[in-house]
Amino acid sequence: MPQRRSHVAPSAAQTELAAALSALREALDTPSAFPADVLAEAEAASATTPELDLTDIPFATLDPAGARDLDQAFHLERDGDGYRVRYAIADVPGFVTPGGAVDAEARRRGQTLYAADGTIPLHPPVLSEDHVSLLPDVDRPALVWTFALDAAGTVTDFRLERALIRSRAQLDYASTQEALDRGDGGHAALLPEIGALRLEQERGRGGASLNVPDEEVVRTEDGSYAIERRSPLPVEEWNAQLSLMTGMAAATLMIDAGVGILRTMPEPDEAAFAAFRHQTDALGRPWTDGTYGEYLRGLDRSDPMTLPVLEAAASLFRGAGYLVFDGERPADAVQAAIGAPYAHATAPLRRLVDRWVLAICLAVSTGQPVPEWVRSSLGDLPALMQDSGRRASQLDADTVNRVEAALLTPLVGQTVEATVIELRGERAAVQIGDPAVTTIAPVGLARPGDVVRLRVVRVDIATGEIELAV
């Protein structure tokens, strides 16, 4: 799907939208400023300098442009017929005191929230955007995973160590993709090669990736809000494979040790598969053979019908949760979309559970007992993450709804064209092309993939409600 950005023009609607987004934060009880004791503890926090010094290794980070909370840094090199991949993770466990004020506030927040009118961070910015972040040209303690990969991209060995590192470059997705396309990859030169091999490994495991185009509410330089939709760049998929590889290694360590917390997702049941097959038939892109992962990978991203298919496929990626175990290995630990056991281990600045996973993995890797604070609080994590995940999802959805209502405000009383994505009883999910809005509307006898003309009857920016009619 090509990049598209729809703006809310400066107007009374813009003022009403700003008020609606502020009220939404209050309604969802999103965290506000950090308490004074949390800020004071964060300012004073420091980590012991690791004995292992890897500052001679030219690590680099790869994130959205302008990011400051840099969780991961990588270094890629050839090793005989295979590869050596170093993947450094910000040492949040080394900075956050268990039972302290920062720890308590992080448990209350659960994860970083990304609101249209500003980020609501998991940790105080002095930690997440400064002292702990893997910013370029400064020494940072990190938890470094080192992987040995063979010529096919299979992990043959790995280890985890606490080390001092120094990132040499802060790369962003767009400019790195451009550099790779012209044959000048620099720090990321091997990323397409290794990423492609890891994607092939995913195919062999029976894994599946949805890769729905991103939908993000952004604030422009003039202060207005916009919805930006774009498909992930190839470099983002290759980079994600490094994170997935690390999460699978973390799961392996914890399962072998008999203690940990896994990210799980069940295999879709036959009813879900049948419903999806029916939708692909209706969209004219039938899924006839192979796994659903192979089918999704084979879709033509330039085909306008691919987006409706991917939207329909979202029903197959439901039921994700967390599984805590201590004392025995879990019986069914596979994350269905990945096709292997998996744990969240690569974003500790932005997600609470990763700190526990990293603390367990480091203890197991170094032959130390798992810290008591970890074992005693493991059981609390699923509920904490579920609550924060629910809040994040609600914030995202309600924010988009309000911005979409503002986008359609000038069109009340007019007719717009929309593509039917999915039938939902007597109504359907539809995608308006310009402005880029996805909503629910009556579509008469139309089928998925049909283009219909709809009249914008009413919008309510304060609630995000949109009323369309045939």
Relative contact order as a percentage, segment 334-470, C-alpha pairs under 8 Å and 6+ apart, gives 18 percent
Rounded to the nearest 500, the 222 nm mean residue ellipticity computed for the chain from DSSP H runs (n ≥ 4, each -39500 (n - 2.57)) alone is -10500 deg cm²/dmol
Taking Cα pairs closer than 8 Å and at least 6 residues apart, the relative contact order of segment 71-189 in percent is 26 percent
Taking a label point 7 Å from the Cα of T366 along Cα-to-Cβ, the residues of segment 38-56 whose backbone nitrogen sits under 13 Å from it are 47-53
Magnitude of the Cβ-charge dipole (Lys and Arg +1, Asp and Glu -1) of the chain about the Cα centre, nearest 20 debye, reported as 640 debye
E26 and L210 label points (each 7 Å along its Cα→Cβ direction) are spaced in nm at 3.3 nm
Options (1) 57, 52, 44; (2) 66, 44, 44; (3) 68, 55, 48 are given for Cα extents along the principal axes in Å, and the computed one is (3)
The extension gain from V218 to T48, computed as 0.36 nm times the residue separation minus the Cα-Cα distance, is 57.4 nm
Here segment 71-164 gives, from Cα atoms, an Rg and Dmax in Å of 16.6, 49
Full extension between A331 and T156 adds, at 0.36 nm per residue less the Cα distance, a length in nm of 60.6 nm
Tilt, helix 191-205 to longest principal axis of the chain (alpha-carbon atoms), in degrees rounded to tens, equals 80 degrees
Per the 1/(1 + (r/R0)^6) rule, R0 = 22 Å and r from the Cβ atoms of A274 and A314, FRET efficiency to 0.05 is 0.85
With label points set 7 Å from each Cα along the Cα-to-Cβ direction at T55 and R458, the distance between them in nm comes to 6.5 nm
Relative contact order of segment 189-248 (C-alpha contacts under 8 Å, at least 6 apart) in percent is 38 percent
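Read the figures in this text as sums done on the coordinates, not as results from a lab. Just so it is clear, the structure is predicted and the values come from calculations on it, not from any experiment. Counting neighbours? That spans all protein chains shown, and the Cβs are built from the backbone with ideal geometry, glycine included.
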